[in-house]
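This report refers to the structure that appears directly beneath it.
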């Protein structure tokens, strides 16, 4: 991604805060890792335990925590939080790569669709009847925007995304390739050995500033809506079932599954590969560990886990087989305790 | 999804059975949840423990179990099974949203393909050489139907589905967006530190009335076919490996994986996030719990589980570490029992 | 997949080695399983325990291990490794099904893209600015090749694949439908209860002879690149996070997730549904079992496991509940041992 953006350290601190140590007129053109950086790059160090990497880095400048003043002779920006500062610098150098402004002649847009100003709509995008695309939004090749979908402003929809009819997508939302918004929830009623399909007539409502990872699926509600609140961040290959609610600014790592009608609080962190049962309530500020299965409501904040420690295989087998005897072991342990207590009594 | 379908309770019971309590000429235009329903809606109550929600609901009518007669003054339909009755009412009000009849000018159809009557084929659909599309089927934008694929009648294929060459899809099948039918199975032979690819020359055969969720993948067989029998329902993000067979009317929840050549019976329920080993046989009417790993054949019906209970994290750590000592604990327990038995003998 | 390729056993052994037992002029036109084979087919038997299937098979010829000479009257090829021999025979009969040579008139190719000789580019493929497609590569319908992507020679890209800008794909790579190469890694920095997005400016670099399964996702690096080395084989629905490295000829089964910056060695086998923590190092020749969570570096070769044995459900519940008491059980066991030791001492 070639570009020609350049900032001096002085300009960066004027825009983002922090203070310069050393030559503030030094210019940088991109961020880089300590290991890969060259003289035109600015690197950051958030963790003091890696400070010896500063000496060997070829970066032209660093972003450091304030208490690391003096650890290098090179020009630095001192910041309260080097990582978030770095995120902001990187965002200056790397604005989202939107498509070319305008509507590609090979996009297929229904005449009833309402398209805002300043959009980018790529080749082979299909926008169906009565859809509304907000100003400044960008839709990449092959994405399909269903009937009556509403998309806010400045959304960034990558290639080959599918949005089913009537879903609502907020502003500044990012949808990565292959994600599917609004497919039918898994609603079935058994009758005489067969499954009747329950029509899924709710929608998916996605708030502002949400990011949805590649090949993640969010199902439409059965009757009411599935709701993803503002600022939620979903990684790749997450499954969100019908009528789930996810609270503001919750972040969920890849491969997690959330069953129907689970309500997850705000400011939670979950996964990856966690599984959440349906019809439960998870409080705000809950952290769920990788590979953990949550089977009931979590009414208070905290960290919850059910992931197992691994072992070398033959070792594991010996121990795992005992899983099938835990109840018996518990009973035998209790019997021994009683037996011993009665022996002690006799002996006294 | 605007529509203007209206039924009186009398008309509903004439078509679907059940009996009306109260004013049978009341008309409803849509189903809704008890909480969201307005006067033009019909809601249902299957679980008597939520009966107090009836009083506060604004629904114009209810579907109730026969033994709930008299719990409300509003007009009701009494049915043997309110949930399946509701499913049928909802299906009347919400027929599947098929695309516009006809073939969009921007579809790309090979001249050798055979297209049935009354189909809907959307923009950017690609139908390759010798494919056959049955009458009344609907294929949404961006889907790719490979060479010699056969699709039955009234199938509903959502946007951005991919079907590889030679696969066979039954009638009334629903394929949700992003699902991939017929990609190569993971067939590799090791040779001198490298992997030789085994060509995957079987097909995927999908029966009638099957539904496949968003981003689910079903691999083609290595030599023989992968077979999904009539009435199977697959949720999102399921992986079905080569040469798997899934029996009639089995339903599988999201994120489940089924390894190669596993044969699963009819009328099973599985998952989500279950994992099934390859080359095993699972009987009819088996239920496999969420997050459960099935490592060997299950010759008889029943419910099988290996999912762990979670705990608060620090609590979990203390317990989980003992997983690595279970074999030793079992041995020590046995030693204690023997020691105690010999002491008791001595004391006698 | 109709075809008219025919080989005599003599021709096969001239090309692939091995020796013929019986009539070497017998011709076969396709491989098949023992059960399905007809007289024009060649079948293989790698596992001697299935040798009774030879008698009932209608195959015209067999591929057998050398020590099975004489077990059948039918013509055979005797090979050191019947399975790899079969793989090679099957590859002769079943060359990859590439699209028609040439560029479909409905492909959308930016004029700055560089397209090699002998390519097949299907309808609705989109190739963006400055992309480079190597000679002999085949790209199926609906795939989107981002800006400045480089693809080597003889790559085979199935329908509806997405490759984000600047990624590099080697020669002879196979990408299955729905896979997404180069979406943003899940890089977030917390600030005041919100998540700042860290721009993901690394690339995905995929070596030669790599195969990527359907709906697998490989994220671009945060600063440096995500690297998949030569000969790696990835099954379906695998998630590879940013800055992961996977060493040469490692094979990973479906539904596995690998967290950010994990470095996996060469010649490993992993999964399915394994989960690998981020920022760890896994040595060459490590095998990780199905459903296993790897939480720390594995510095030496071996097999590692954390998957649980399942039980019948009610049995499982009784045992699983004890998971929450393991620490207490361990303490009580120790107490009993001490108590008993002191009693024995007293008794002596």
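Only the coordinates and a few stated rules stand behind these numbers; no lab work does. Worth saying up front: this structure is predicted, and the values here are computed from it rather than measured. All Cβ positions, glycine included, derive from the backbone under ideal geometry; neighbour counts span all protein chains shown.
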Put a label point 7 Å from Cα along the Cβ direction on residue B:118, then list its distances to the equivalent points in the other copies in nm, shortest first. 4.9, 4.9
With the cut-off at 1.5 for a/c, could you classify chain B from its C-alpha gyration tensor as rounded, prolate or oblate? oblate
extent check for segment B:127-216: Cα max minus min per principal axis, descending, whole Å, gives 52, 26, 23
Nearest 500 deg cm²/dmol is fine: what mean residue ellipticity at 222 nm does chain B get from its DSSP H runs of n ≥ 4 alone, each adding -39,500 (n - 2.57), divided by its residue count? -5000 deg cm²/dmol
Would you kindly compute the Cα radius of gyration of segment A:159-296 and its largest Cα-Cα separation (Dmax), both in Å? 14.2, 47
When the Cα centres of segment B:139-200 and segment C:219-288 are compared, how far apart do they sit, in Å? 25 Å
Pop the C-beta distance of residue A:6 and residue A:281 into the FRET formula with R0 = 51 Å and round what comes out to the nearest 0.05. 0.50
Pairs of alpha-carbon atoms within less than 8 angstrom and 6+ residues apart define the contacts here; what relative contact order does segment A:209-311 have, in percent? 18 percent
Would segment B:7-93 count as rounded, prolate or oblate if I go by the C-alpha gyration tensor, calling it rounded below 1.5 in a/c and otherwise prolate when a/b exceeds b/c, oblate otherwise? rounded
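Output the relative contact order of chain A, whole-number percent, from Cα pairs under 8 angstrom with separation of 6+ residues.
In percent, rounded to a whole number, it is 6.
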How would segment B:275-348 be classified by its alpha-carbon gyration tensor: rounded, prolate or oblate, with rounded meaning a/c under 1.5 and the a/b versus b/c comparison settling the rest? oblate
If the viscosity is 1.567 mPa s and the temperature 4 °C, what Stokes-Einstein diffusion coefficient in µm²/s follows for the protein assembly as shown when Rh is the Kirkwood radius over Cα pairs? 42 µm²/s
With an 8 Å Cα cut-off and a minimum separation of 6 or more residues, compute the relative contact order for segment A:7-93 in percent. 31 percent
Sorted from shortest, what are the nm distances separating the label point of residue B:22 from equivalent points in the other copies, each placed 7 Å from Cα along Cα to C-beta? 7.8, 7.8
If you put a point 7 Å past Cα along the Cβ direction, how far is that point for residue B:334 from the same point in each other copy, in nm, smallest first? 2.3, 2.3
